[in-house]
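J.: Before I ask anything, here is the structure I am working with.
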Amino acid sequence: MLSLISPAKINLFLHIAGKRSDGYHNLASLFQTISLVDLLHFSIHDFDILTCSDPSLPIDHTNLVLKAVNLFRRKTGSLLCFRIHLEKNIPYQSGLGGGSSNAATTLWALNQLSGQLATPQQLALWSAEIGSDIPFFFSNGTAYCTGKGEEVRPLNYFPQRALWIVKPVDGLSTPMVYRYVQLENRIAFDPEKSLQSFNNGNPHYFNDLETAAFTVMPSLKEFKKRLIDSGFHTVLMTGSGSAFFCIGEGVPPLNDDLFCRSANFLYREADKWYTFVE
Ligand code: C5P
């Protein structure tokens, strides 16, 4: 059996460049993997079976893990089937990329169990067919992503940063948030300059999807204000929400209904999957 962690991501900044004729949006975003992770267990089996610790998650062919299994067989010609168990910790409908990460981790694992039929570069390229955010997870964990998100420019590691991930009870649907994007509401920052600001150690955090998310879920604006009032110097929604990452000395509001975890940046070494560094 092969067991691998599957990390969440945050968007340190997310700029919407424009709407495309295929309905998607071009973006320019700085992605970073973090130490909030799911755990996936893989073994070769007579038929495909996916089980999950969270009974509310669909485990049929709509799950990105099984989409990744079918993609791997289609691209490589492999006839192998797999038993997969997913221990879910990353909340869904949160903008933390849990499903995309699970798909990338599945492609990596199946390739290991099948005797490396593909290169990591091929896995990354193929993965864009089932989700725009999946190729990013084949970077070292820090990357500048453009196009639909699938054009990945790998970057050097950023210094470690402690943060909190906080999500209200309700989640947000990614297509719904993108539907409410109004280009005139974008924050006027040149993404290349924002990237430089991170490279210079003077980071500038922003997310053009926040305004759209506040339209879909008006209570989210007040939620962000509460987090800022808790003492954090940076509070930003990740991806299409509804989770936020918070940086600084603040204390997150303790409420049983909230998802609230501390985390750090996480990285992947070449030729290995993500691991926790001791
Ligand atoms: O590619 P993925 O399946 O993750 O995208 C989910 C939905 O999010 C798309 O159907 C689209 O509505 C929206 N989206 C977008 N522009 C992107 C990525 C996603 O409009 N760059």
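The values are calculated or read from the model by the stated rules, or taken from the named source; none is laboratory data. Note that the coordinates shown come from a computational prediction; the quantities given were computed from them, not determined experimentally. Cβ coordinates were reconstructed from backbone atoms using ideal geometry, including for glycine residues, and neighbour counts include every protein chain displayed.
J.: Just to check your reading of the model, which residue among Ser194, Ser139, Ser132 is surrounded by 13 or more Cβ atoms within 10 Å (Cβ to Cβ), of a type outside the set (Val, Ile, Thr) and within 13 Å of the ligand (Cβ to nearest atom)?
T.: Ser132
J.: Also, quick follow-up: Going through Val166, Val216, Val152 one at a time, which residue ends up being modelled with pLDDT of 95 or more, away from the ligand (no atom under 16 Å from the Cβ) and not charged (D, E, K, R)?
T.: Result: Val166 is the single residue among Val166, Val216, Val152 that is modelled with pLDDT of 95 or more, away from the ligand (no atom under 16 Å from the Cβ) and not charged (D, E, K, R).
J.: Among (1) in a strand (DSSP E or B); (2) touching a residue at least 60 places away in the same chain (Cβ under 8 Å), there is one condition Leu96 misses while meeting the rest; what is its number?
T.: The failed condition is (1).
J.: Which residue pairs have Cβ atoms under 9 Å apart, sit 6 or more places apart or on different chains, and have a first residue in the range 27-39 that is within 17 Å of Phe158 (Cα to Cα) and a second that is charged (D, E, K, R) and at pLDDT below 95?
T.: As it stands, the answer is Gln32/Arg161, since those pairs meet every condition given.
J.: A further question follows. Between Phe42, Phe47, which is away from the ligand (no atom under 16 Å from the Cβ) and touching a helix residue (DSSP H, G or I) at 6+ places or on another chain (Cβ under 6 Å)?
T.: Only one candidate passes the filter, namely Phe42.
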